[in-house]
Every structure is written in structure tokens, then in C-alpha cells.
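Quick note: the coordinates plus some simple rules give every number you see, no bench work behind them. Predicted, not measured: the structure shown is a model, and the values here were computed from it. All Cβ positions, glycine included, derive from the backbone under ideal geometry; neighbour counts span all protein chains shown.
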Amino acid sequence: MKSIGRSLGIAMVVIASGVSIQAQSLEEGSKERPKNVILMIGDGMGLSQVSSPYFFSKEPPAFNRFKHIGLSRTSSADAPVTQSPAAATAMATGYKTYNFAIGVDVDTVPRKNIVELVSEKGFMTGLIASSSITDATPAGFYAHQENRYMQHEIAMDLVRSEVDFFAGAGIKYFIDTTGIDHFAEHGIEINFTRLKKIKNPEPGSRYGFLLGNERMKTMLEGRKTFLKDATAIGTEFLSSGSEGYFLMVEGSQIDWAGHGNQVEYMIAEMNDFNQLVNWVLDMAERDGETLVIVTADHETGGFTLGAAGRNGYDADYSVISPTFASTNHSATMVPVFSYGPGAENFTGIFENTEIFHKLVSLIGTD
Ligand code: MG
Ligand code: ZN
């Protein structure tokens, strides 16, 4: 009996240590290094927004395709409920800051962002948004200004930046009384009319598409496949470099639908974003060397997919009646979905600044 007990004991130890080795290596994360990173931000996209394509989209929900899922805490340095500038700065620079800051810390000191870091390593970089490209979310990835409303200064930060490709709206913010063509001055080939493929780019050339004075159309107004087309053109161009690329794509208007408490608008913007994520995942599956992160800067509107009816008496659980609790942002955690080399590092519950730190540890250091 004693010897059986002992051998069982040994067997237990072996199994236990096997488990612990596995747990340790999972915790440390994969050292696999992605060549490219595509960070997709649904502005205002909480879990109910993410759930809406499951009920209201003809296309399969893209979120089902992720194996690695985490939750991000979004509070800023000065408020439990963040604004987009602080959230973008947190993800882009790793610094929590005050709510209106763009790329500067709580003391208004400019902090290096992921675009600047990877550009030094020879990466190509791009930004796409369905709002003005000078809006808070994209601005966090290239600008350093004390206030999000300094849109002309932010625009000038973009032309002076290392960003190789951009697409969105915001023409008016690039025009000033000097009469200087700021695009030409900084070697940017600009297009104000439509997206088109970039043929035979010269090394070092930069391209911009600004297709609206202040903002892009909503999906309901007929924006069509702008985000997907810009992403296709952008990724093809950014792949022409010798190193990898970093691309941030924002579904900007999920947030606007939330502020407006507009259900139909919200669903249309989420279906567009869902389609875009499916397209990006198809591409990442084919190339096998692109890390895709899909997250949000915060939730907007306290959106919920409640059953119809006011209370137990007239409730109808066969019907979803989407509603909003607020016209503001909320403090709820937001999901982080990741796919591709290094994806296993983005699980668990973490601060939004970890998006930056995890990316830097994967691609930002040698
Ligand atoms: Mg935004
Ligand atoms: Zn907002």
C-alpha cells in the first residue's frame, strides 16, 4: 500500500509541475513577434454595441473569430469617466492623462507615441477614421496638444509627423491664412475627392485622403465601404516598406450614435465596423504575420439590449428593445479582442495604457 501511495504521489507531482509550467508560459505571453499591427478602435463600443451585430447584422459576427479576449479599464487620470482624448493618449503613449489632453501627460509634457516609436524602427504607419482625422482618437497617435479643440494645431502636427498614410475628413483644419500648401510643404500627396489605389509608391512618399470638410458621412447617409476601402488601400501601401507597419483604424461614429441615443444609427455603424473587422481578419489569416487588436476607447450611451416592455407584467423577451441610459460616455470596461502573433498577451483585465506597453514589448524593442 505504501509503495503504491508513493508512486501515486510522484505521479501527482509530475502532473502538477506540468500544469504549473504551462500556466507560467501562458502568463508570460508569447514571444512570437508580429510583423504588422492593426489596431482597430470602435469609439464608444461597449459590450452591448459589440453584441448588436449578433442580432442585427446579415453578416456573421466578426467577434466570434477571436480566441483571445480581455477587458480594458478606461478611466482617465482626472476622471472615472474618460473622454476620447485621454483614452487615445493612454493607448498611444502609455500615459494616463487629463480628459482633454492629446499626446501630453498630466503636466502637459509631450509623450512619445507608438507611431513615433515604430517609425524609428523603420515601420510604415497609417491612420484611418470615419470622422475628421484631427479628431481626438486618431490625433492621440500623432499629435501633442493641450486641448482636443486645437484642431488646426493638431492638423499641423499630422503634416509634420511620421505618418505615411491617412484617410478621413477634416479638410478645413489644414487650411489657414498663410496660404501655404501644408501638404506639398511636407511631401504629402493629397486627394480631396475619392479613395484610389496607390500605384508604384516611391520610397518615403506620403499619401492622404481627406474626403469631407469636417466629418465623413454616416452609414445611414451613404458612407458605404469607406472604412474597408481605405483599409485595403492603406494596408497594400503600408506593406510596400521593408519593415512591418502599424495601422490604426477607427469606427468613429459608433460614439456619435451613442451620444445621440440613435438606435438605427448605432446598429448601422456597428454593422459597418463588424464587416471591416471580418475583412481585416481574412487578410490577417492569409498573411499570418499581422497582429489585430480590436477595442474601444470607452463605452458611450450606456447602451443596452434589453427585452421589450417596462416591467415583469408587459415584458416581451422575444423582442430586443435597444435603449440608452445616458447621452454621455460611461465608465464600464470595454472588450479587447486580439488575433495573430502575440495575441495571447492581451487577455485578462488591464488598464488601457497596457495596450501601449504590450505593443511596445512585442514590436517596439529589439
Ligand atoms: Mg473618436
Ligand atoms: Zn464621445
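Brief remarks on what is shown
- Residues within the reach of a label modelled at V360 (point 7 angstrom out along Cα to beta-carbon, backbone nitrogen below 20 Å), restricted to the range 246-286, are 246-248.
- Cα gyration tensor, the range 46-127 - rounded (a/c under 1.5), prolate or oblate: oblate
- Using R0 = 30 Å, the C-beta based FRET efficiency linking S205 and E351 works out to 0.20.
- Calculated [θ] (222 nm, deg cm²/dmol) that DSSP helices of n ≥ 4 give over the chain, each run adding -39,500 (n - 2.57): -10500 deg cm²/dmol
- Cβ crowding within 10 Å ranks R206, R33, R148 as R33, R206, R148, fewest other Cβ atoms first.
- Stretching the chain fully between V319 and E120 yields a gain of 66.4 nm (0.36 nm per residue, less the alpha carbon separation).
- Cut-off 18 Å (backbone N to label point 7 Å along Cα→Cβ of V81), residues of the range 41-61: 43-49
- The Cβ shell under 14 Å around L210 holds other residues with a net charge of +2, Lys and Arg each +1, Asp and Glu each -1.
- Of the residues N36, A315, F174, the one whose Cα sits farthest towards the positive end of the charge dipole of the chain is A315 (charges of +1 on Lys and Arg Cβ, -1 on Asp and Glu Cβ, taken about the Cα centre).
- R0 of 56 Å, Cβ-Cβ distance N191-V106: FRET efficiency to nearest 0.05: 0.90
- Ordering of 188-199, 271-282, 311-322 by packing [mean C-beta count within 10 Å, highest first]: 271-282, 188-199, 311-322
- Per residue Cα convex hull volume in Å³ - calculated over the chain: 186 Å³
- In this rough spin-label picture, where each label sits 7 Å from Cα along the Cβ direction, the L305-T327 distance is 2.7 nm.
- In this simple spin-label approximation, E236 and E221 carry label points 7 Å from Cα along the Cα→Cβ vector, and these lie 2.7 nm apart.
- Order by protection proxy (mean Cβ within 10 Å, highest first), peptides 333-343, 151-161, 175-185: 333-343, 151-161, 175-185
- Rounded to whole Å, sorted largest first: equivalent-ellipsoid semi-axes of the range 116-197, Cα gyration tensor: 18, 16, 14
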